[in-house]
Amino acid sequence: MKELISKNSSGKNVLIFAIATGIVYLIMPIVTMPKVMQFAGEMKILDLLPCGYNLEYVNALFKMLGEEGRHHYLYFQIPVDMIFPLLLTITNCLLIALLLKKQKLFRNPFIYLCFFPLISGIADYAENIGIIRMLIQYPDLIKFDVKINSLFSIVKYTSITISFMAIIVLGVLWGVKKKKV
């Protein structure tokens, strides 16, 4: 895995994946999310709750969305959100690796920073699969399923935060180092 990441962590690849990630990311808040949000009222959709949620919230949200809103969530928002985690994971992983290589830190223990984007991607897919399952099962939701899915949301946001913090810190360190040279 280390060799695969190292081999592909070039500025060109990071740029290509960052552009693709940005395009897909823009589709969600401009096209798919507003359609779902118009049914949700003031409630946030599950993908946007970094601290998780409970059965009562999911029931209230799905009731508020109604059949049409749940349909848009399942068939428009979720499909786009099945592409985004892969692109974001690759972009962040390659960017962290590139910043580590630029500073000659692409070795243990720093290499493990590349795994936080992978964790966030896996958690995001698990969250999406759970949301699909809940949308299909509604109104017969299972409390345990909601708790597990909520946990995936928390893991996703925590690992994304760690990834972004690593990118910022490594970027600043690289910039300071480069300025001194």
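Bear in mind that the values in this text are calculations on the coordinates, not laboratory data. Every value quoted in this text rests on a predicted model; they were computed, and no experiment measured them. FYI the Cβ positions are ideal-geometry reconstructions off the backbone, even for glycines, and counts take in every protein chain you see.
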Item checked: Residue-wise HN-Hα coupling along the range 33-41, computed from phi with Karplus coefficients 6.51, -1.76, 1.60 (Hz; x: Gly, Pro) -> 5, x, 5, 5, 5, 5, 8, 7, x
Notebook entry, point to check: Using the Cβ atoms and a cut-off under 13 Å, what net charge is assigned to the surroundings of residue 56, where Lys and Arg are +1 and Asp and Glu are -1?
Noted result: +3
Note to self: Just want the ordering: 74, 61, from fewest to most Cβ atoms lying within 10 Å of their own Cβ.
What the structure shows: 74, 61
Next item on the list: State which entries of 101/178; 101/179; 101/156; 2/104 exceed 24 angstrom in Cα-Cα distance in the structure shown.
Entry: 101/156
Check: Using the count of nearby Cβ atoms within 10 Å as a rough guide to exposure, how do 124, 140, 81 rank from fewest to most?
Finding: 140, 81, 124
Item checked: Computed E for residue 140/residue 115 - FRET, C-beta separation, R0 25 angstrom, nearest 0.05 -> 0.10
Next item on the list: Divide by every residue of the chain the summed helix terms, -39500 (n - 2.57) for each DSSP H run of at least 4, and state the resulting mean residue ellipticity at 222 nm, rounded to the nearest 500 deg cm²/dmol.
Entry: -25000 deg cm²/dmol
Next item on the list: Report, to the nearest 10°, how far helix 84-102 tilts away from the longest principal axis of the Cα atoms in the chain, using its own Cα long axis and a range of 0 to 90°.
Entry: 20
Note to self: Taking R0 as 25 Å, what FRET efficiency do you get between residue 54 and residue 161 from their Cβ-Cβ distance, rounded to the nearest 0.05?
What the structure shows: 0.70
Item checked: Order of 176, 31, 36, 181 - criterion: other Cβ atoms within 10 Å of each residue's Cβ, fewest first -> 181, 176, 31, 36
Margin query: Run the reach check for residue 102 against aspartates and glutamates, Cα to Cα strictly under 19 Å, same-chain hits fewer than 8 apart removed. What comes back?
Written below: 3
